[in-house]
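The values are calculated or read from the model by the stated rules, or taken from the named source; none is laboratory data. All figures in this text were calculated on a predicted structure; none of them were measured in a lab. Cβ: placed from backbone, ideal geometry, glycine included. Neighbour counts: every protein chain shown.
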Amino acid sequence: MPKEEKYASLAHRLDLFRGLSARDIETVFSKGSTLRFHMGETVFEKGAPGNLLYVILQGRAGVYDGDRLLAYLETGEIFGEMALVTREPRSATVVATTPAILFAITDFAFQNLLTKRVAVQLLLNMLRSLSRRIRGLNERVAGLDD
């Protein structure tokens, strides 16, 4: 598959890249790195400092607080965005529950190396993702009252 088609495909499959051109996505990928994790391998621990945003390109990950599973994350989902924005320690542990390929970008690259237009679009896409998560949590909490 030609490079441009590959990045155009990512724009349609991954929410983080919605609204970006294939060239924009190629630029984002040139500023980050692709990482491979084995099933059971920890991506990061709760409490660790964080400066990376992750996108699951392939595979699945579990979000844990101690032994308690909080959520599963699937291909296309993002995580680590809270530490990227707030610079606070990681709020949970993330472990690959299948072999996984992740894209990671640092806060420095995000804030200083991307154009403002691309950075704003990525932030809007992150906000949409976080809003969906909050809505889902609200629905789960409301269901507890039933």
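General remarks:
- Residues satisfying the stated conditions in segment 101-123, i.e. in contact with a Ser or Thr (Cβ under 9 Å, 6 or more places away or on another chain) and either aliphatic (A, V, I, L, M) or farther than 26 Å from residue 62 by Cβ (or both): 101, 102, 104, 105, 113, 114, 115, 118
- Residue 39 being modelled with pLDDT under 90 and farther than 20 Å from residue 107 by Cα: no
- In a residue-by-residue description of segment 95-102, the property of being in contact with a helix residue (DSSP H, G or I) (Cβ under 8 Å, 6 or more places away or on another chain), more than 17 Å from residue 30 (Cβ to Cβ) and of a type outside the set (Ser, Thr, Tyr) applies to no position.
- Those residues of segment 60-91 which are modelled with pLDDT of 85 or more, under 16 Å from the mean Cα position of the chain (by Cα) and of a type in the set (Lys, Arg), in sequence order: 60, 90
- Residues within segment 50-59 that are in a strand (DSSP E or B) and within 19 Å of residue 118 (Cα to Cα), tallied: 4
- The single residue among 76, 47, 40, 62 that is part of a loop (DSSP other than H, G, I, E, B) and in contact with a Leu (Cβ under 7 Å, 6 or more places away or on another chain) turns out to be 76.
- Residue list for segment 101-124, restricted to those being in a helix (DSSP H, G or I) and crowded, with 18+ Cβ neighbours inside 10 Å: 109, 110, 118, 121, 122
- Of all residues in segment 22-37, those being out of contact with any helix residue (DSSP H, G or I) (no Cβ under 7 Å at 6 or more places or on another chain), closer than 21 Å to residue 123 by Cβ and either in a strand (DSSP E or B) or basic (Lys, Arg) (or both) number 2.
- Hey, residue 76 of a type in the set (Gly, Ala, Ser) and farther than 29 Å from residue 26 by Cβ or not: no
- Residue among 115, 106, 98, 86 that alone is over 20 Å from residue 13 (Cα atoms), touching a strand residue (DSSP E or B) at 6+ places or on another chain (Cβ under 7 Å) and β-branched (Val, Ile, Thr): 106
- Looking only at segment 125-146, and only at residues there that are among the aliphatic types (A, V, I, L, M) and within 28 Å of residue 41 (Cβ to Cβ), the one that is surrounded by the most Cβ atoms within 10 Å (Cβ to Cβ): 126
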